[in-house]
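Please read the structure below before turning to the comments.
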Amino acid sequence: METHRDVDDRPSPGAVAERSPSTGSRTTRTATAKAGRLLFGPVDVAALVYFRVVFGLVMLWEVAGFLRFGWVRQLFLDPIYLFTYPGFGWVRPWPEKWMHLHFYGMGLAAAMIAAGLYYRLASVLFFLGFSYVFLLDQCLYQNHFYLIVLLSGLMPLLPANRDFSADVRMLPWIRRRWVPAWTLGILRAQLGLVYFFGGVAKLNGDWLRGEPMRSWLAIHAGAPVVGPWLSERWVVLGFSYGGLLLDLLAAPMLLWGRTRAFAALVLLAFHLTNAALFEIGIFPWFMILATPIFFPSTSLRPLFGGRREPAPDELPDVPSRRSRRVMAALIGLYLGLQVLIPLRHHLYPGDVNWTEEGHRFSWHMKLRDKSGDIRFVVTDPGTGRSAVVNPADFLSPRQEAKMAIRPHMIRQFAHYLADFYGEAGVPGVEVRALAVASLNGRPPQKLVDDRVDLAAQPRAIGPAPWIVPLEGGPIPIGGGQR
């Protein structure tokens with residue numbers, strides 16, 4: 001009888017299937033067998049079950065927060081105008097009663113995911129429900145909300161209900177101890193990419209000179225015991241470079257057995273520190289709870305009971321060669337997009353933290369300190385008369401603060417003002433923005449060209465010529481304010 005050492009190292013039935021005679025080279029067959037083992041070899045379903053429970057419970061907590069703190073009304077019902085995403089202008093809030101029911105429904109779906117009750121249906125409904133909320137207003141964008149959309153989109157594809165679930169209690173024949181390796185690997189890859197590109201984004205002059213970390217730590221200078229230390233330059237640079245290196249190395253260290261436990265402890269301290277110093281919602285807590293999926297899947301089996309050895313009929317079915325190729329291509333396409341999208345800002349000139357072009361969906365997390373002030377000048381070209389518009393008359397304070405530092409949202413609001421005046425009987429108005437902003441302690445400067453009629457500027461994929469370049473460009477290492 002074969003002795004089972006670690007399910008992640010178990011020979012793959014997919015790899016065995018590739019050992020048939022072939023006209024290909026030995027190297028090709030070896031590579032194919034290795035790919036088959038990585039994607040279709042058996043892993044213990046316990047890691048997926050663990051992630052399902054954690055994901056469901058954290059999402060339930062997040063949805064409950066929207067209801068408990070009145071955010072549903074504050075964020076979606078009270079605002080006059082919502083900054084919808086390009087192509088999704090048709091996504092509008094439900095009436096008040098239905099909007100609240102929507103969140104209750106998401107909470108129920110999250111609880112069902114955690115319990116594994118009608119898991120596939122609950123996962124699809126939560127994905128659709130949360131994606132709808134995400135698309136309502138760009139001002140709601142947070143990196144961890146984007147991550148929730150991605151993970152909830154993956155969940156219906158994963159057999160995370162095949163053990164320790166209400167579905168198994170109702171349908172015992174669906175129980176599986178072993179699932180294909182890709183189902184766990186894609187979760188690890190997705191979380192690993194969040195860490196890695198969070199580190200890549202920190203490779204800029206401002207971060208390497210200690211900004212905006214210096215400004216953020218200075219806020220806590222009055223804290224007991226540690227407060228006076230937080231203004232020391234070596235502490236500031238320690239936080240900056242420590243966060244950079246940890247982000248870049250987190251995934252490799254979690255995946256390598258010799259450094260896994262150490263990496264998990266460091267990440268625990270890192271996320272707890274972030275939760276204490278910064279207001280970043282559920283992200284640090286979710287990442288702490290998700291870290292165990294990087295450990296061998298069998299290590300989580302004691303949480304859910306069951307045998308340590310697989311019965312022969314419990315091994316996952318081996319897809320046909322054609323199916324394996326299609327699945328591998330789809331997985332590669334998904335992960336390829338997750339690699340390319342965070343790099344797209346390199347196609348645009350200037351500092352992405354200033355222009356915002358390619359900033360979203362790129363894991364630029366807690367990376368810059370940016371503030372601004374804005375007014376709009378609306379001109380009737382027929383009469384030449386102008387009026388200054390305060391966006392606070394249309395937007396919530398949160399919306400105004402978000403828009404004031406994001407050029408493309410400024411353009412979007414200029415179009416709204418043109419439509420507003422057109423409906424009021426003054427068609428064809430010109431809208432210009434008087435916008436100044438400060439990035440990482442720099443003196444305020446113009447953000448957009450105040451000579452340009454933004455209402456006449458279409459949305460374009462390419463660089464926006466009406467964004468004023470950051471004066472002096474990125475600050476070199478060792479430069480800037482002390």
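The values are calculated or read from the model by the stated rules, or taken from the named source; none is laboratory data. Everything numeric in this text was worked out from a predicted model, so none of it was measured. Please note: Cβ atoms are built from the backbone with ideal geometry, for glycine as well, and neighbour counts cover all protein chains shown. Surface accessibility is based on the protein's heavy atoms, side chains included, excluding ligands, DNA and RNA. Shrake-Rupley method; radii C 1.70, N 1.55, O 1.52, S 1.80 Å.
Computed extension length for Tyr141-Asp78: 20.9 nm, one decimal, from 0.36 nm per residue of separation with the Cα-Cα distance subtracted. Using a probe radius of 1.4 angstrom, the carbon and sulfur fraction of the accessible surface of the chain is 64%.
Using the empirical formula 2.2 N^0.38 Å as the baseline, the Cα radius of gyration of region 138-187 reaches a ratio of 1.49.
Put Tyr241, Tyr81 in order of accessible area, largest first, 1.4 Å probe: what do you get?
Numbers: Tyr241 85, Tyr81 35 Å².
Putting Tyr241, Tyr81 in descending order of accessible area: Tyr241, Tyr81.
Classification of region 190-232 by its C-alpha gyration tensor yields an oblate form. The axis ratio a/c (a ≥ b ≥ c) is 1.5 or more, and b/c is at least a/b.
How much area per residue is accessible in the chain when the probe is 1.4 Å and only protein heavy atoms are counted (Å²)?
Numbers: 23460 Å² over 482 residues.
Accessible area per residue: 49 Å².
Close lysine pairs were tallied over the chain: pairs 8 or more places apart or on different chains with Cα atoms under 29 Å apart number 10. For region 215-356, the equivalent ellipsoid derived from the alpha-carbon gyration tensor has semi-axes of 39, 25, 12 Å in decreasing order. Per-peptide packing, taken as the mean over residues of other Cβ atoms within 10 Å, places 204-210, 363-369 in the sequence 204-210, 363-369 from highest down.
Averaging Cα coordinates gives a centre for region 243-274 and one for region 398-413; these two points are 35 Å apart. Each of Tyr119, Tyr421 has its accessible area taken with a 1.4 Å probe; listed largest first, they run Tyr421, Tyr119. Determine the shape class of region 154-300: with a ≥ b ≥ c the square roots of the Cα gyration tensor eigenvalues, call it rounded for a/c under 1.5, and otherwise prolate if a/b is greater than b/c, oblate otherwise. Prolate shape, in that a/c is at least 1.5 and a/b is the bigger ratio. For region 54-157, dividing the convex hull volume of the Cα atoms by the residue count gives 98 Å³ per residue. Summary of the geometry: region 429-473 and region 198-237, compared by the centres of their Cα atoms, lie 29 Å apart.
Per residue, the chain reaches -15000 deg cm²/dmol at 222 nm when only DSSP H runs of four or more residues are counted, each adding -39500 (n - 2.57). Largest first, the extents of the alpha carbon coordinates of the chain on the three principal axes equal 89, 56, 53 Å. Sorting 445-451, 403-409 by their mean Cβ neighbour count within 10 Å, with the most densely packed peptide first, gives 403-409, 445-451. Site pair Leu255 and Thr273 shows an inter-label distance of 2.5 nm when each label is modelled 7 Å from Cα along Cα→Cβ.
Tell me, what is the FRET efficiency for Asp393 and Val266 to the nearest 0.05, using R0 = 45 angstrom and their Cβ-Cβ distance as r? Display every interim value, and only then the final one.
Working: r = 48 Å, r/R0 = 1.07.
Given R0 = 45 Å and the Cβ-Cβ separation, E is 0.40.
A viscosity of 1.002 mPa s and a temperature of 20 °C, combined with the Kirkwood radius over Cα pairs in Stokes-Einstein, give a translational diffusion coefficient for region 293-452 of 104 µm²/s.
Subtracting the Cα-Cα distance of Arg233 and Arg459 from 0.36 nm times their residue separation leaves 77.1 nm of extension gain. The amide H of Gly350, built 1.01 Å from its N in the peptide plane, has no neighbour under 5 Å, considering only residues 5 or more places off or on other chains. Kirkwood's formula applied to the C-alpha pairs of region 83-122 gives a hydrodynamic radius of 11.8 angstrom.
The relative contact order of the chain comes to 16 percent, based on Cα pairs under 8 Å that sit 6 or more residues apart. Accessible area per residue was computed with a 1.4 Å probe on protein heavy atoms; Thr273 scores about 50 Å². Here the extension length gained between Val225 and Leu337 equals 35.8 nm, from 0.36 nm per residue of separation less the Cα-Cα distance.
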